[in-house]
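In what follows, a structure is listed as structure tokens, so that the remarks can point back to it.
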Amino acid sequence: MEETEEEKKDEADYKRLHSFPLIRHSDMPEEMRIETMELCVTACEKHATNNESAAKMIKETMDKKFGSSWHVVIGEGFGFEITHEVKNLLYMFFGGSLAVCVWKCS
Amino acid sequence: MPPKAADKRRQGQGASSGGKAGKAGKAKKRDEETSETGEDGLTARAVVRSPDQLRLTEAELKAEITRTLTADNPHIPRDIVRFSFIERAYKLVDDMDQTTIHFTLNGYLIHKDSDEGRRQSIRSSTEAEQAPVEEKEAPVEASAEATEEAETKDEEPTEEAEAAEEEEREQAAEAAEEAKAAEAEEPPLPKQPEKKLANQFNFIERGSATYQYPLREKGLQTDPAPIENFSDNVNQWCIYDAYMEELERIEKAKEKEKAKPVVVKKEETHSGRKLSYVEPPHSDSLSKVAKAAKIAERMVNLNTFDDIAQDFKYFEDASDEFRGQEGTLLPLWKFQSEKTKKLAVTAISWNPKYNDLFAVGYGSYDFMKQGHGMLLVYTLKNPSFPEYSFSSESGIMCLDFHSEHSHLLAVGFYDGNVAIYNLKKASSQPSYKSSAKSGKHTEPVWQVKWQKDDMDNNCNFFSVSSDGRIVSWTLVKNELVHMDVIKLSADGTTMQGPEGLQLQMLGSGTSFDFHKKIDYLFLVGTEEGKIYKCSKSYSNQFLDVFEAHHMAVDSVSWNPFHLKVFISCSSDWTVKIWDHTIKTPMFVYDLSTAVGDVAWSPYSSTVFAAVTIDGQAHVFDLNINKVEPLCTQLVVTRKKNKTTHIQFNPVHPIIVVGDERGLITCLKLSPNLRKMPRLLLRPLWTVQCSWVSEHGWGVCNTTSASLQDTWARKADVSTGSSKHPAWTSTVPSPFQERTDTSNPQELPGQGGAVVGYSWALSVCGAGRDFSAVTV
């Protein structure tokens with residue numbers, strides 16, 4: 001029992017440490033995508049415990065850089081149906097358990 | 001003397017009259033006083049006279065002398081001269097102002113009827129109370145003005161100084177009183193008009209504004225950005241799965257690239273730590289579809305040309321039975337391409353391995369109009385579009401598929417080059433090409449043919465060209481190496497060139513063919529109409545010469561079954577069949593127009609077909625009719641379109657004919673044309689046969705039913721050698737059977753092979769008795 005628990009912990013740790021940002025769906029142009037992805041990674045790492053503040057950081061930075069009305073959702077399990085402006089959507093996984101969805105719609 | 005004293009008095013008076021007004025009275029008194037004192041002093045009243053005093057008589061003393069007082073100012077100069085600019089001269093100024101101003105008082109009273117007075121009255125007219133005040137003002141002002149005037153006037157001296165003096169005093173007092181009275185009245189009044197006073201300069205204020213433009217409203221709205229919907233569901237396991245997948249993919253990619261040992265962690269496939277950016281693989285959608293598209297294309301084509309495909313497979317012209325010996329050619333597919341519409345078909349060759357694949361070379365026979373060339377490889381399964389297409393700068397004149405490496409195509413160009421195309425490689429250029437320094441021909445290459453691999457297992461092929469050289473090309477280490485095999489020297493044409501050189505004219509080869517069995521033996525047809533029998537081993541001498549035609553030999557071909565027989569065709573309208581041991585032709589056919597090409601059929605040694613430039617195809621069967629063609633049919637309908645080449649399909653009963661417009665027509669041979677000599681061997685028959693056929697007998701038991709009646713016959717053939725001593729052991733059965741393993745209903749080329757029986761015996765004969773070995 002203990003061993004399996006340890007294993008699980010190790011797995012979880014390992015996943016968190018060794019997991020990379022994986023883009024699930026995106027229709028942004030290449031540069032924008034990379035920039036956004038890096039921003040998301042930074043924000044999630046910085047506010048590892050608080051999704052809301054991470055989302056806030058991402059949203060505000062995106063608004064400044066790319067124009068108004070971005071929306072950000074961070075979580076570990078959710079379903080969504082959104083309307084987004086074409087070429088302004090990024091949906092990615094990060095950290096082994098987080099999913100981030102960023103889109104623009106004014 | 002009292003009169004003297006009186007004189008004094010009078011003088012005193014006179015003096016005082018000359019004096020000023022105010023002192024006149026006092027002067028009198030002084031005179032009296034002096035006179036009195038004078039008298040008082042001298043009690044005697046003695047008149048003292050000065051010595052220089054006038055002595056006047058009494059009469060004179062009594063005379064009254066009038067003296068007047070005037071107001072004239074004695075001090076005024078009366079001789080002032082001023083320059084007058086009008087008269088431009090000095091003028092005496094007459095009237096001098098005698099006025100001496102003793103007192104001035106500036107008043108501020110204005111006449112009521114003057115401008116200012118009227119203005120003020122208007123201003124104050126609104127205030128009714130002030131009206132009576134104004135009226136008081138008016139008389140006061142009037143009196144004030146009057147007094148002012150009076151003062152000025154009165155200041156001038158009157159007749160009598162005293163009177164004037166008094167009057168002046170009085171009047172001045174009066175004026176002063178009146179003025180005072182007026183002033184008394186005035187102070188309360190001026191307060192009101194002071195409010196209404198305009199400024200000193202009587203300005204009128206007036207304002208103006210610039211023109212203001214009217215405002216206009218204008219609105220605009222940009223298009224909203226395009227929006228899309230997106231939805232997904234995410235859970236922990238979903239994320240986990242995605243990561244696993246991604247890691248696996250990375251693993252595979254890594255393994256493919258390098259053979260690095262992947263660090264395998266606990267779960268199956270964790271790769272090394274990498275926080276780098278990984279993108280999901282997006283495949284090239286077009287390449288995935290390519291294969292499917294090809295299959296779909298073929299299906300569509302099959303559907304479009306369904307009836308043709310059915311004809312190809314199953315249709316047998318039933319009317320052949322009634323036609324006697326004659327047959328027909330049923331047109332099937334037509335192959336043409338946009339790019340080749342202006343090019344002529346110069347060569348056709350079937351692929352030995354894939355029976356539905358054939359290559360067509362395009363170029364131009366016209367010497368003047370030489371353009372580019374095309375090489376298209378078509379398949380019967382897709383009549384609309386070639387499978388492979390290559391283009392070249394120079395027109396293609398001939399081509400040949402390699403018998404074993406069926407992806408290799410040898411091609412000869414109009415510019416003398418030869419090249420090898422590799423169909424397996426997806427390039428548009430030939431894999432190997434000759435060049436000027438590697439020994440290309442100097443004239444168009446008319447024919448190329450593959451040979452067996454040489455001893456080093458290198459592919460090699462031969463080419464014949466108008467420059468009189470027959471060159472063997474070998475593919476050595478990815479290079480084409482050439483070797484001149486033979487030079488066609490025209491007989492008796494050695495010339496004396498300059499400086500005593502012996503020049504040798506070379507004939508130009510136009511076609512050649514290699515013997516099927518005898519390796520070194522080959523025939524070359526030339527432009528002069530001769531056919532040389534040559535050997536590969538002898539490079540400067542021919543084995544034999546046939547005076548074949550009057551014009552260029554267009555095609556020469558060995559009979560596939562008969563070892564000794566070959567056929568040749570020429571532009572001199574003839575097709576001739578020869579035995580290579582005999583100098584004269586066995587059969588001569590005059591086809592009334594230039595013959596473009598001739599080909600033996602692969603299934604019968606007696607059947608051959610020829611195309612003439614009038615667009616007709618002729619099919620002969622010597623077994624049936626030695627003189628006339630079994631079928632003469634117009635293949636190409638357009639005028640001015642010459643048919644250039646013809647080829648039999650090695651397996652199917654079809655022929656392809658090419659023409660000058662780049663069109664390939666595929667025709668099916670009717671049953672009458674496909675008659676194969678029946679082969680029945682019974683022990684009872686002794687057969688005299690002057691020819692032997694080439695192929696060895698084989699035991700063939702045909703088990704499957706023939707598809708068509710006229711095609712395959714059931715035959716039990718046993719080896720000839722044992723039963724028929726007349727036959728040599730080398731008598732072969734030209735039996736090539738392919739068993740049909742698949743459903744005969746299946747469409748050609750898919751899956752199993754189609755049944756094809758090709759067999760022929762040596763039946764061709766000319767000039768001698770021949771008896772067909774029929775079974």
(message) Out of the residues in the stretch A:78-94 meeting the condition of being buried (at least 21 other Cβ atoms within 10 Å of the Cβ) and in contact with a Pro (Cβ under 8 Å, 6 or more places away or on another chain), tell me which one is nearest to A:Lys59 (Cα to Cα).
(response) A:Met92
(request) Would you check if there is a residue in the stretch A:38-47 being of a type in the set (Gly, Ala, Ser) and surrounded by fewer than 17 Cβ atoms within 10 Å (Cβ to Cβ)? (result) no
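Yes or no, residue by residue, for (1) assigned to a loop (DSSP other than H, G, I, E, B); (2) aliphatic (A, V, I, L, M); (3) in contact with a helix residue (DSSP H, G or I) (Cβ under 6 Å, 6 or more places away or on another chain); (4) at pLDDT 85 or above:
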position	(1), (2), (3), (4)
B:Val556	no, yes, no, yes
B:Ser568	no, no, no, yes
B:Asp572	yes, no, no, yes
B:Val575	no, yes, no, yes
(request) Search the stretch A:62-85 for residues that are within 7 Å of another protein chain (Cβ to nearest Cβ) and pair each with any residue that is part of a helix (DSSP H, G or I) and exposed (fewer than 15 other Cβ atoms within 10 Å of the Cβ) when their beta-carbon atoms are under 7 Å apart and the residues are at least 6 apart or on different chains. (result) A:Glu76/B:Gln236; A:Gly77/B:Gln236
(message) Suppose the filter is surrounded by fewer than 18 Cβ atoms within 10 Å (Cβ to Cβ) and part of a strand (DSSP E or B); does B:Val545 pass it?
(response) yes
(message) So if I check each of B:Leu375, B:Leu332, which one is in contact with a Cys (Cβ under 6 Å, 6 or more places away or on another chain) and in a strand (DSSP E or B)?
(response) B:Leu332
(message) Testing B:Tyr240 on (1) surrounded by 15 or more Cβ atoms within 10 Å (Cβ to Cβ); (2) modelled with pLDDT of 90 or more, one condition comes back false. Which one is that?
(response) (2)
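Filter the stretch A:95-106 down to residues that are surrounded by 17 or more Cβ atoms within 10 Å (Cβ to Cβ) and either at the interface with another protein chain (Cβ under 7 Å from one of its Cβ atoms) or under 14 Å from A:Arg33 (Cα atoms) (or both), then give me how many there are.
8
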(request) Those residues that are within 19 Å of B:Ile577 (Cβ to Cβ), in contact with a Leu (Cβ under 8 Å, 6 or more places away or on another chain) and not β-branched (Val, Ile, Thr), I need them from the stretch B:517-544; list them, please. (result) B:Lys517, B:Leu521, B:Tyr532, B:Lys533
(message) Any residue at all in the stretch A:40-56 that's farther than 24 Å from B:Met244 by Cα and within 12 Å of chain B (Cβ to nearest Cβ)?
(response) no
(request) Specify the residue that is farthest from A:Ile23 (Cα to Cα); the eligible residues are those in the stretch B:222-243 that are more than 7 Å from every other protein chain (Cβ to nearest Cβ) and out of contact with any Ser or Thr (no Cβ under 9 Å at 6 or more places or on another chain). (result) B:Thr222
(request) Counting only residues that are within 22 Å of B:Asp311 (Cα to Cα) and polar (S, T, N, Q), give me the strands (runs of 3 or more DSSP E) lying completely in the stretch B:578-678 with at least 1 of them. (result) B:616-621, B:631-634, B:643-648, B:664-669
(request) Name the one entry in B:Tyr388, B:Tyr378 that is more than 32 Å from the chain's Cα centre (by Cα), under 19 Å from B:Val656 (Cα atoms) and among the hydroxyl-bearing types (Ser, Thr, Tyr). (result) B:Tyr378
(message) I need every pair where a residue in the stretch B:42-63 that is on the phi > 0 side of the Ramachandran plot and at pLDDT below 80 has its Cβ under 6 Å from the Cβ of a residue that is surrounded by 11 or more Cβ atoms within 10 Å (Cβ to Cβ) and of a type outside the set (S, T, N, Q), sequence separation at least 6 or different chains.
(response) B:Arg45/B:Glu39
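The values are calculated or read from the model by the stated rules, or taken from the named source; none is laboratory data. Source: prediction; values computed, not measured. Note: ideal-geometry Cβ built from the backbone for every residue, glycine included; neighbour counts use all protein chains shown.
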